[in-house]
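Read the structure below first, then the notes.
The values are calculated or read from the model by the stated rules, or taken from the named source; none is laboratory data. Small disclaimer: the values here were computed from a predicted structure and weren't measured. Glycine gets a Cβ as well: all are built from the backbone with ideal geometry, and neighbour counts include every protein chain shown.
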Amino acid sequence: MLIQKPKRWELPDRMATPEELFFSRRQLVTGASALALSLPLAACGSKSAVASKPVAMGGANPTLKLYPAKRDTAFKLDRPITKAQIAETYNNYYEFGTSKDIWQQAQALPIRPWEISVEGLVEKPFKIGADELIFKMPLEERLYRHRCVEAWSMAVPWTGFPMTAFLALAKPLASAKYLMMQTFMMPSVAPGQDQPWYPWPYVEGLTMAEAANELTFLVTGIYGKPLPKQMGAPLRLVVPWKYGFKSVKAIVRFRFQTEQPKTFWEAVGPDEYGFWANVNPKVPHPRWSQETERVLGTDERVPTQIFNGYGPEVASLYTGMNIGNKLYR
Ligand SMILES: Nc1nc2c(c(=O)[nH]1)N[C@H]1C(S)=C(S)[C@@H](COP(=O)(O)O)O[C@H]1N2
Ligand SMILES: [Mo]
């Protein structure tokens with residue numbers, strides 16, 4: 001490969017971590033005290049305090065026998081699969097801290113039992129245990145690319161079930177326009193949630209047409225095994241044509257509604273992170289280019305593709321929609 005001279009926009013990830021910069025900027029603007037400014041840093045640095053908490057083991061995993069699930073060979077990659085050891089130790093999960101190194105902290109999350117609420121505009125609202133849901137759903141393995149808005153990427157074998165299978169169970173009404181998905185709220189185990197300047201709990205959303213797209217996947221596993229906690233166990237969303245922040249982890253609530261959900265990152269920085277967040281190399285983030293991406297586990301940068309390469313499957317979702325650049329932010 002070509003060794004490129006770093007360009008101005010080729011920020012290391014720690015510089016590209018959007019929200020850190022966003023908050024320090026905002027605090028400067030509002031003239032907050034040095035103490036307030038030090039709080040996010042202290043939270044990142046308090047690893048030892050977090051690590052000393054007991055790790056919640058939960059019960060045995062009754063879904064273990066479902067893995068590995070059969071691979072659906074329709075989903076192909078243009079690059080090697082990222083090594084498990086790399087993908088499983090380089091994570092974004094702000095509930096457990098703002099660094100990429102939170103995989104140990106995330107083990108504190110108790111994931112059994114785990115109740116999921118299905119509510120809003122559905123035939124009949126219900127609650128269901130994650131294990132029970134997983135047993136009802138048709139598990140398969142899919143190879144997908146993942147592109148974070150911070151300009152790094154990976155390619156991994158997710159195990160999960162199509163959102164369409166979940167929709168068939170949830171039975172949304174025709175009046176539903178959006179699907180809102182929400183992460184757990186448990187500040188006692190997730191120290192990030194003690195940081196009141198974030199709009200916890202983490203919320204994401206899709207239009208019903210996006211939710212019903214064949215690529216939209218609810219993930220329960222990776223690398224032929226149940227999902228590790230740091231990657232969003234017991235259940236997360238994966239929408240591979242959108243920036244990674246759309247792929248909300250550890251879901252406890254699905255709500256069908258008429259209003260567009262106010263998402264976590266939109267609430268934090270509306271000029272930088274929007275509802276649509278479709279991958280587009282031509283629309284730069286306000287603070288860096290999106291034209292290339294660093295492939296985890298390599299020294300390579302590769303060109304970023306429109307819709308992360310999934311245009312044939314999803315571009316038609318957006319034709320005729322007058323949402324301009326917001327489509328890509
Ligand atoms: N609840 C929750 N979900 C989340 C996040 C988060 O901080 N909290 N980070 C998002 C971002 S920015 C990315 S890139 C992916 C990272 O998924 P991974 O750690 O499995 O690679 O999760 C997304 N889902
Ligand atoms: Mo991300």
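Structure notes:
- Annotation: of all residues in segment 67-103 being β-branched (Val, Ile, Thr) and assigned to a loop (DSSP other than H, G, I, E, B), the one that is nearest to Leu227 (Cα to Cα) is Thr89.
- Some residue of segment 202-211 being part of a loop (DSSP other than H, G, I, E, B) and without any contact (Cβ under 8 Å) to a residue 60 or more places away in the chain: no
- In segment 104-141, the residue that is nearest to Trp200 (Cα to Cα) out of those that are in a helix (DSSP H, G or I) and of a type in the set (A, V, I, L, M, F, W, C) is Ala106.
- Residues located in segment 252-264, provided they are more than 8 Å from ligand 1 (Cβ to nearest atom) and in contact with a Phe, Trp or Tyr (Cβ under 8 Å, 6 or more places away or on another chain): Val252, Phe254, Phe256, Gln257, Thr258, Glu259, Gln260, Pro261, Thr263
- Test result for Gly297, surrounded by fewer than 22 Cβ atoms within 10 Å (Cβ to Cβ), at positive phi, within 16 Å of ligand 1 (Cβ to nearest atom) and at pLDDT 95 or above: yes
- Applying the condition of being more than 16 Å from ligand 2 (Cβ to nearest atom) and charged (D, E, K, R) to segment 89-131 and asking which residue is surrounded by the most Cβ atoms within 10 Å (Cβ to Cβ) yields Asp131.
- For Ala155, the stated conditions hold: it is within 16 Å of ligand 2 (Cβ to nearest atom), of a type in the set (A, V, I, L, M), at pLDDT 95 or above and surrounded by fewer than 21 Cβ atoms within 10 Å (Cβ to Cβ).
- Per-region count, segment 271-294, residues small (Gly, Ala, Ser) and either crowded, with 21+ Cβ neighbours inside 10 Å or under 16 Å from Leu77 (Cα atoms) (or both): 1
Each row is one residue, and each column tells you yes or no for (1) more than 15 Å from Pro162 (Cα to Cα); (2) surrounded by fewer than 23 Cβ atoms within 10 Å (Cβ to Cβ); (3) in contact with an Asp or Glu (Cβ under 9 Å, 6 or more places away or on another chain).
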| residue | (1), (2), (3) |
| --- | --- |
| Trp197 | yes, yes, no |
| Lys229 | yes, no, no |
| Phe245 | yes, yes, yes |
| Lys249 | yes, no, yes |
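- Some residue of segment 184-194 being outside any helix (DSSP H, G or I), more than 19 Å from the chain's Cα centre (by Cα), away from ligand 1 (no atom under 15 Å from the Cβ) and surrounded by fewer than 21 Cβ atoms within 10 Å (Cβ to Cβ): yes
- Residues within segment 144-168 that are farther than 21 Å from Leu64 by Cα and either among the β-branched types (Val, Ile, Thr) or part of a strand (DSSP E or B) (or both), tallied: 10
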